[in-house]
Amino acid sequence: MKPTLYQRTYTWGDAKLTLGSRTLIMGILNVTPDSFSDGGLWNDPDKAVEHALRMVADGADIIDIGGESTRPGHEPVSLEEELSRVLPIIESIHAAAPHLILSVDTYKAEVARRAIAAGAHIINDVWGGKADPDMAAVMAAADCPVILMHNRHDREYNDLITDITADLQESIDMALAAGVKPKNIILDPGIGFAKDYTENLQTMMSLDQLTGLGYPLLLGTSRKKFIRTVLDLPPNDVVEGTAATVAFGIAQGCQIVRVHDVAPIKRTVMMCDAMLYAGSPTIK
């Protein structure tokens, strides 16, 4: 069965992003001291700019900048602390390379608002707009692509995929009610969030059902615990496992992949795309 892919084009001056002709790669740039695999490495603006440019040279289409770790057991940070982490990085990268597409990884509305003003182009919310009552309005005002990820505080599922679908639909409805344009919505199944080992695998096996919601799907599996569990390896040594999940996701219709190891995943994506697009997927 051929996956359904969605066509989207976004432009911001010199920056342009097109979905529907190939899989896009989102490179992860954590500016946190406690992220599970790269905490503290890119907090300096000069180092962050260098790393962002390196990821783009390796094949990244989007740089996702996050100032608060979302790993299990993380300590939430204040609004002021998160702003102090992400704004200088966004401003520095945007000044050095205004053509780069930047995403801000935050669930705080004020961080999202100020990040967009500082030069970011995409809002990536791990709570799907549900954590901050002002987030949907900020997303609508920004008139930019928004990534709504599946997440919840409990794991009391009646039927996993049915419940994930319903949770995502709640985020979609909230965004639309606030004025977010349908063309700006991208969904993320939230691999590794509010899901155990078996539930992550089950979600991976059902990604094609989530593309049926009518929006492009982003997949973020890079170095996740379920991969480390299968391979019995530390986070920085599971690139082959990440590549396998990326290939599996692309085959089911995921159009953006969020990763740490851009160069090897770029090669994986290129091979997948050669087969997928030769097979004439359905484009909407």
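Output the DSSP H helices from the chain with an along-axis C-alpha extent of no less than 20 Å and a mean Kyte-Doolittle hydropathy no less than 0.0. Working shown, then result.
Details: long enough: 79-96 (25 Å, 0.43); 160-178 (27 Å, 0.75); 262-278 (23 Å, 0.87).
Span-like helices in the chain: 79-96, 160-178, 262-278.
If you restrict to DSSP beta bridges whose two residues both lie in the chain, what percentage is antiparallel, to the nearest 5? Write out the running numbers ahead of the final one.
Working: 5 of 34 bridges.
Antiparallel bridges: around 15 percent, rounded to the nearest 5.
What value in Å³ per residue do you get for the convex hull of the alpha-carbon atoms in the range 178-250? Provide the component values of the computation, followed by the final result.
Details: hull volume 7.4 nm³, N = 73.
Per-residue hull volume (Cα only) is 102 Å³.
Which whole number in µm²/s is D for the chain by Stokes-Einstein, with the Kirkwood Rh taken over Cα pairs at 10 °C and 1.306 mPa s? Provide the component values of the computation, followed by the final result.
Details: Rh = 18.7 Å.
Once the numbers are plugged in, D ends up at 85 µm²/s.
List the pairs from 108/195; 47/195; 108/284 whose alpha-carbon separation is above 30 Å, in the order I gave them. Walk me through the numbers before you get to the answer.
Working: 108/195 23 Å; 47/195 34 Å; 108/284 32 Å.
Table pairs above 30 Å Cα-Cα are 47/195; 108/284.
So which aspartates and glutamates can residue 266 reach, going by Cα to Cα under 13 Å and dropping same-chain residues fewer than 8 places off?
Within reach: 58, 61, 240.
Take the range 75-159, compute every pairwise Cα distance, and split them into 10 Å bins from 0; I just need the percent in each bin.
18, 47, 26, 7, 2
Taking 0.36 nm per intervening residue step and subtracting the Cα-Cα distance, what contour gain separates residue 46 from residue 271 on full extension? Intermediate values should be presented prior to the final figure.
Values: separation 225, 0.36 × 225 = 81.00 nm, distance 3.32 nm.
The span from residue 46 to residue 271 would gain 77.7 nm if fully extended.
Rounded to the nearest 0.05, what FRET efficiency is calculated for residue 78 and residue 230 with R0 set to 51 Å and r the Cβ-Cβ distance?
Here the calculated transfer efficiency is 0.90.
Read-outs throughout are calculated quantities, based only on the coordinates presented, and are distinct from any laboratory measurement. Bear in mind the structure is a predicted one, so any value in this text is a computation, not a measurement. Quick reminder, even Gly has a Cβ in these numbers, built from the backbone with ideal geometry, and neighbours come from all protein chains shown.
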